[in-house]
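The values are calculated or read from the model by the stated rules, or taken from the named source; none is laboratory data. All figures in this text were calculated on a predicted structure; none of them were measured in a lab. Cβ atoms come from the backbone with ideal geometry, glycine included; neighbour counts cover every protein chain shown. When the accessible area is computed, the model is the full protein with side chains, heavy atoms only, and any ligands, DNA or RNA have been set aside. Shrake-Rupley method; radii C 1.70, N 1.55, O 1.52, S 1.80 Å.
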Amino acid sequence: MHDLTGFQRDLLYVIAGLDDPKGLAVKDELEDYYQKEIHHGRLYPNLDTLVDKGLVEKGSLDRRTNFYTLTRRGRREIEDRNDWQEHYADELAA
């Protein structure tokens, strides 16, 4: 996960938190979080990058609608990232 942008990491977390979300559901979640519009030209190329890296699988509901799910590797990357963050957050609390 170290080679992902912050936006790509956020995409992973959103996909992990939703049940096989469509691209527009991911977009809506990120717009709520960032408090600004996320353009398709930013969203879909980054989703494709996550697919290319083997972190996300893309499925098709119909010709126009795709859905996204984390792969085992994607879940493992999130778990590793959470462990790493907790280590440093624990240091702050000490």
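Filtered by the rule that a residue be more than 11 Å from the chain's Cα centre (by Cα) and on the phi < 0 side of the Ramachandran plot, the stretch 24-38 gives 24, 25, 28, 31, 32, 33, 34, 36, 37, 38.
If the condition is being open to solvent by 90 Å² or more (accessible area, probe 1.4 Å), over 19 Å from residue 27 (Cα atoms) and assigned to a loop (DSSP other than H, G, I, E, B), then the stretch 64-94 contributes only 94.
If you go through the stretch 1-59 and keep only what is β-branched (Val, Ile, Thr) and either within 15 Å of residue 78 (Cβ to Cβ) or surrounded by 13 or more Cβ atoms within 10 Å (Cβ to Cβ) (or both), you end up with 14, 15, 26, 38, 49, 51, 56. Can you go through 41, 74, 54, 59 and tell me which one is at pLDDT 95 or above and on the phi > 0 side of the Ramachandran plot? From the options 41, 74, 54, 59, the qualifying one is 54.
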